[in-house]
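Below is one structure; the comments refer to it alone.
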Amino acid sequence: MTTSETNPGGGDGRSASAAWELLLPAAAAPARARGRSLQAALREAVRSGRLVPGTRLPSSRDLAADLGVSRGLITEAYEQLTAEGYLRSGRGAGTWVGDAVRAAPAGARDLAPGAPGTRVGFVAGTPDLALFPRAAWASAQRAALAGLPHEALGYPDPRGLPRLRTALAGLLARRRGVVADPERIVVVSGVAQASALLGFVLHARGTLTVGVEDPGSPQHDGLYRATGVSVVPVPLDAEGLAVAPLRASGVRAVVTTPSHQFPTGIAYSARRRAELLEWARSVDGLILEDDYDGDFRYDRAPVGALQGLDPERVVYTGSVSKSLAPGLRLGWMVVPEWLAEEAIERKRTMDLGHPTLDQETFARFLERGDYDRQLRRCQRAYRERRDALAAALERHFPGTEVSGIAAGLHVIAALPGRYGPEDRFLARAAESGIAVRALTSYGYAREERDTVALVLGYAHLTPARIETGVRLLARATTTHPT
């Protein structure tokens, strides 16, 4: 094939000649797949820029001869790609690469959260993914695939499979004291989706503001704002969300983490729980309970969910993100009866229901007792790691005060004043590749501090890794000149 044959009057003959090399493997494909292979290879040559716009293509006869295929296959490929807009042709003018195509960017980026270059990360919120029960989950998944009837693979009930909702109702009543009617449980892809769903429901009802704990989870701000609902920070005191500021804020819905507040680590007192429920009744309001790690308490039985005290004033949400893996995207919400229909309809419009196979797998996982075994396994591991972190802090940062109830996946570590100011401490840690976050970074009223209070996650680190990380952090923050 010559350049003049390929590109008389325009285009880049060299790019065309090079592109034909991409068609040779397609021409060698099995006879039944050869036509589709040629079309795909030619399409990719245009899309990738190997065949640039304005390049004139060889005649179907010449290209068929070069590739050793029938002319009909080339003619069909030209016609198909012309119909799709990749090529253009005119009677007696030949076939050309069209100018509508723009080369797609090569490769795919990974936008999953991460901290490149981190030697040890103490950022809170991540479980130990190595504890994921692969064998038990795979067994439950095989059983689900074998046992699901064909019709179950259609669009599911937007609330979730009845089998899973029934199993969840038993689990939540038994472990968290939730009043859990399967008819009012909605299976979601984590607390994040539950929050967004509730934001849309509140917005549709005319509720345009929602209270959030300050300090609190930074995710709530973005999730509710995305639904058109503004957030109003409400401060905490030693017993939980401060009710007087809550009343003064004028909101009628508030997001809480009463069993283990994030990030301060406190549990709401019995008195504060009662006051919060009284507030909700007095303003005809709603409490959104995020029970993100309520199963993990190391010094006593976990405090039951707030929802159990008044199911018509509290929406209860939870997930497997801390107990199994966040990548499963499995969670649940229990809604008041008066809100159920709206929440279910919103779930339907969001995604037409959660994946059936995942739901059936999790239902069997629950029924067989595998989830309870997983919780006990994590409980033992995370309690050991919390103890290891407290001991390492005492060795390398003498005088550090560890606060928060013995629960969950993180602690608050208030370092002695000699390690401050906070901004300098954090800068030195970052320079050394130690990922830590200060308590102030979770608050809306941020301020500079002379002392250092850290939110340290430990569940994803082995005791040996915890010891190494704290030692490196101490070395990085105590050997610099002041």
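The values are calculated or read from the model by the stated rules, or taken from the named source; none is laboratory data. Only a predicted model underlies this, so the values are computations on that prediction, with no experimental measurement involved. For neighbour counting, all protein chains shown are included, and Cβ atoms are generated from backbone atoms with ideal geometry for every residue, glycine included. For accessibility, only protein heavy atoms count, side chains too; no ligands or nucleic acids. Shrake-Rupley method; radii C 1.70, N 1.55, O 1.52, S 1.80 Å.
Tell me the carbon and sulfur percent of the accessible area for segment 285-326, rounded to whole percent, probe radius 1.4 Å.
Heavy-atom surface of segment 285-326 belonging to carbon and sulfur, 1.4 Å probe: 51 percent.
Along the charge dipole of segment 141-204, pointing to its positive end and built from +1/-1 on Cβ of Lys, Arg, Asp and Glu, which listed residue (HIS203, HIS150, ALA180) has its Cα farthest out?
Result: ALA180.
Per residue of segment 40-56, what does 6.51 cos²θ - 1.76 cosθ + 1.60 with θ = phi - 60° give for ³J(HN,Hα)? Whole Hz please, x for Gly and Pro, Karplus curve as stated.
5, 5, 5, 4, 5, 4, 6, 5, 7, x, 5, 10, 7, x, x, 6, 8
Return the long-range amide H neighbours of LEU236 (sequence gap of 5 or more, or a different chain), with a cut-off of under 5 Å between placed amide H atoms.
Residues meeting the criterion, in which the H sits 1.01 Å from N, are ASP214, ALA242.
Can you list the residues, at least 5 places off or on another chain, whose amide H is less than 5 Å from the amide H of VAL179, using H built in the peptide plane?
Distant-sequence amide H within range of VAL179: GLY308.
How much net charge surrounds GLN374 when only other residues with a Cβ under 13 Å from its Cβ are counted (Lys, Arg +1; Asp, Glu -1)?
+4
Which of ALA45, LEU324, ALA28 sits farthest toward the positive end of the charge dipole of the chain, with +1 on the Cβ of Lys and Arg and -1 on the Cβ of Asp and Glu?
Projecting each Cα onto the dipole axis, the largest value belongs to ALA28.
Calculate for the chain the 222 nm mean residue ellipticity that helices alone would give, adding -39,500 (n - 2.57) per DSSP H run of length 4 or more and normalising by residue count, nearest 500 deg cm²/dmol.
-13500 deg cm²/dmol
Put +1 on the Cβ of every Lys and Arg and -1 on every Asp and Glu Cβ in the chain; which of HIS220, TRP96, ALA267 then has its Cα farthest towards the positive end of the dipole?
TRP96
Round to the nearest 10 and give me the degree value, 0 to 90, for the angle of helix 370-396's Cα axis relative to the longest principal axis of the chain.
On a 0 to 90 degree scale, this one is about 70.
Subtract the Cα-Cα distance of TYR444 and LEU148 from 0.36 nm times their separation in residues, and report this length gain in nm to one decimal.
Here the segment from TYR444 to LEU148 would lengthen by 101.8 nm.
Determine the share of segment 217-265's accessible area contributed by carbon and sulfur atoms, expressed in whole percent, with a 1.4 angstrom probe.
Answer for segment 217-265 is 56 percent, counting heavy atoms of protein chains only.
Classify the chain from the C-alpha gyration tensor, please: rounded if a/c falls under 1.5, else prolate or oblate depending on whether a/b exceeds b/c.
Here the chain falls in the prolate category.
Mind giving me the FRET efficiency for ARG383 and ALA31? R0 is 56 Å, r the Cβ-Cβ distance, nearest 0.05 is fine.
0.30
Determine the sum of side-chain charges near GLN80: Lys and Arg each +1, Asp and Glu each -1, restricted to other residues whose C-beta is under 10 angstrom from that of GLN80.
Residues close to GLN80 contribute a combined charge of -1.
Which shape class, rounded, prolate or oblate, goes with segment 308-349 when its Cα gyration tensor gives a ≥ b ≥ c as root eigenvalues, a/c under 1.5 marks rounded, and past that a/b bigger than b/c marks prolate?
Because a/c hits 1.5 or more and a/b fails to exceed b/c, segment 308-349 counts as oblate.
Only Lys, Arg, Asp and Glu count, each charged at its Cβ (+1, +1, -1, -1), so figure out the dipole size of the chain about its Cα centre, rounded to 20 debye.
1060
For the chain, with every protein chain kept in place, what is the accessible area per residue (1.4 Å probe, Å²)?
Averaged over the residues of the chain, the accessible area is 45 Å².
Could you list which residues have their amide H under 5 Å from that of LEU87, counting only those 5 or more apart in sequence or on another chain, with H placed in the peptide plane?
For LEU87, whose amide H was placed from the backbone, the distant partners under 5 Å are THR82, GLY98.
When the label point is put 7 Å from the Cα of ALA65 along its Cα-to-beta-carbon vector, which residues of segment 72-91 have a backbone N closer than 19 Å?
72-76, 78
HN-Hα J couplings of segment 64-76 from phi, Karplus 6.51/-1.76/1.60, θ = phi - 60°, integer Hz, Gly and Pro as x?
4, 5, 5, 8, x, 10, 6, 5, x, 5, 5, 4, 4
Just to confirm a number: summing +1 for Lys and Arg and -1 for Asp and Glu over residues other than ARG71 whose beta-carbon lies under 15 angstrom from that of ARG71, what do you get?
Local charge sum for ARG71: -2.
Is segment 107-234 rounded, prolate or oblate when judged by the Cα gyration tensor, a ≥ b ≥ c being the square roots of its eigenvalues, rounded requiring a/c under 1.5 and prolate requiring a/b larger than b/c?
Because a/c hits 1.5 or more and a/b fails to exceed b/c, segment 107-234 counts as oblate.
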